[in-house]
């Protein structure tokens, strides 16, 4: 289902552009303190070569807005490809500038910076998230549909992986940037963050607050794949 263009923030609860701008303003401030890098994750060369063609094939389907694309499969193929970046952080070229451009209502500049991010990492949930806002405001509606398609597909894939209420039912995320984009699109404020472990994997535990209801609760994200690839890259 395609979300109407009027819902620029495309979250569970509709929010105004002004509220979204406030959220991305906070993101830029956090980015200044972020030590996350943009290094590529490593893995078995043979496995990556084997899966590279599958990722490129699925990525082409995504660019064509395929109604039959399996986003779970796309995300798995991305992790197995040589292009996988387990960090995908704020230091991706163009991402901090894209956030800043939204604040300044410079939507043409925003889209140029979104392009820089996607040229390096087309799987960036944050870049597509910003792209929906900027392309809509710039009147580039076909491009808006493309970004919204990616946001909806990636968000649905994450939501279908669990409910986030416990380690056993944690949301599966494949990059730091994907996790961060998911939380922002849910409109949640992060109060605290920690890493927890069990025999099944490694989890990012986030204490969050719903700013509308004031409710506070923990959310769990399975980040085992990110840690595995980060370790292999060292």
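Read-outs throughout are calculated quantities, based only on the coordinates presented, and are distinct from any laboratory measurement. Keep in mind that this is a model prediction, so the values were computed, not measured. Glycine also receives a Cβ, built like all others from the backbone with ideal geometry; neighbour counts cover every protein chain displayed.
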When you count, for each residue, the other Cβ atoms within 10 Å and take the mean per peptide, how do 199-207, 70-78 rank with the highest first? 70-78, 199-207
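Would you work out the relative contact order for the stretch 118-234, in percent, from Cα pairs under 8 angstrom that are 6 or more residues apart? Before the final figure, lay out the partial values.
Numbers: 162 pairs, mean separation 24.4, N = 117.
The normalised contact order for the stretch 118-234 reaches 21 percent.
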By how many nm would the segment from residue 165 to residue 215 grow when fully extended, if each residue of separation counts as 0.36 nm and the alpha-carbon distance is taken off? 16.6 nm
Rank the residues 156, 173 as a footprinting-exposure proxy: fewest other Cβ atoms within 10 Å of their Cβ go first. 156, 173
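With a ≥ b ≥ c the root eigenvalues of the C-alpha gyration tensor of the stretch 177-234, is it rounded (a/c under 1.5), prolate (a/b larger than b/c) or oblate? Walk me through the numbers before you get to the answer.
Values: a/c = 3.31, a/b = 1.97, b/c = 1.68.
Cα axes put the stretch 177-234 in the prolate bin.
Taking 8 Å as the Cα distance limit and 6 or more residues as the minimum spacing, I'd like the relative contact order of the stretch 61-166 as a percentage. Don't skip to the end; give the middle numbers.
Numbers: 89 pairs, mean separation 24.4, N = 106.
Answer for the stretch 61-166 is 23 percent.
Give the calculated FRET efficiency between residue 61 and residue 142 to the nearest 0.05, with a Förster radius of 25 Å applied to their Cβ-Cβ distance. Walk me through the intermediate numbers first.
Numbers: r = 17 Å, r/R0 = 0.69.
Here the calculated transfer efficiency is 0.90.
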Relative contact order of the stretch 171-233, defined on C-alpha pairs under 8 angstrom at six or more residues apart (%): 33
